[in-house]
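I have placed the structure first, in the form of structure tokens, so that the comments after it can refer back to it.
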Amino acid sequence: MSKILKIILIAVPVLIIVIIVALGLSLNSIIKQGIETVGPRATGSEVRLAKADISILSGKGELKGFLIGNPKGFSTESAIKFDTVRMALDLSSVRSDKIIIEEIFIDGPEITYEKSGRSDNIKAILNNVKAFAGQSKAAPQPEGGKKSEGAEKKIQINNLIIKNGKIHMSTTLLKGQKTTLPLSDIHLKDLGKDGKGTSMAEVMEIVLAAVNKNTVSAVADSVKSIGSTVEKSTEKLKGLKGLFGK
């Protein structure tokens, strides 16, 4: 076997590995940059992603260290955070105008519910996202219907699952002490499946609306339960006073 052939046999596999690694790093960089660029503009708060780790070979991987901070007027450290999101991409769609995500699985998100006046932090973020999504829809399209360079890609999510979530809340009934409530599981299907897909802001609006609905429901049930307990305790106290003639 000639030296040139030996060099080729060694170099080609190495080159392929380098290309795969480079493509993988590029994909992960695009995902991280997209989330940290669009996220703050949409939510009106800090949005962080520690790391995206998606395999260019399988399309499967994880997003790690995701956090949505609070908008102005709220003081807690974060509104929503979770350590790991498992996801699976359809790699054949990455270079198309609509990226297809087969599944996003969020396990154990932590919601910090903070009330300020007549609003709360989750609702405030949702309202910001709604406004941003509305502005994106109303933005003028390039002449001829052609996408401008660097325009945001549309996405389709076949399954988005949120399980084992927790809600941290504080109420005046608890005198400043925090309590933790379970967040009902959420399963959203076929987001952006019809037509050309949907934007990241529109997906955020749909997901936050579901989270907000379940959070408000859990908080309302908890406050109602606390109020009922306080009322029963008050009635018992009145009964005891009656026994002693006071």
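The values are calculated or read from the model by the stated rules, or taken from the named source; none is laboratory data. As the structure is a computational prediction, the values presented were derived from the model and not from experiment. Cβ placement follows ideal geometry from the backbone for every residue including glycine, while neighbour counts extend to all protein chains displayed.
Scanning segment 19-44 for residues that are more than 17 Å from LEU89 (Cα to Cα), crowded, with 16+ Cβ neighbours inside 10 Å and either at pLDDT below 70 or polar (S, T, N, Q) (or both) returns a single hit, THR43. Restricting segment 101-122 to residues that are closer than 30 Å to LEU91 by Cα and not acidic (Asp, Glu), the residue that is farthest from the chain's Cα centre (by Cα) is ILE101. In segment 92-115, the qualifying residues are those that are at pLDDT below 85 and surrounded by 15 or more Cβ atoms within 10 Å (Cβ to Cβ), and the one that is nearest to LEU57 (Cα to Cα) is VAL94. Under the condition of being modelled with pLDDT under 90 and under 21 Å from VAL207 (Cβ atoms), the residues counted in segment 60-76 number 2. Under the condition of being assigned to a strand (DSSP E or B), out of contact with any helix residue (DSSP H, G or I) (no Cβ under 8 Å at 6 or more places or on another chain) and not basic (Lys, Arg), which residue from segment 90-115 is farthest from LEU67 (Cα to Cα)? Among them, the one singled out is GLU102.
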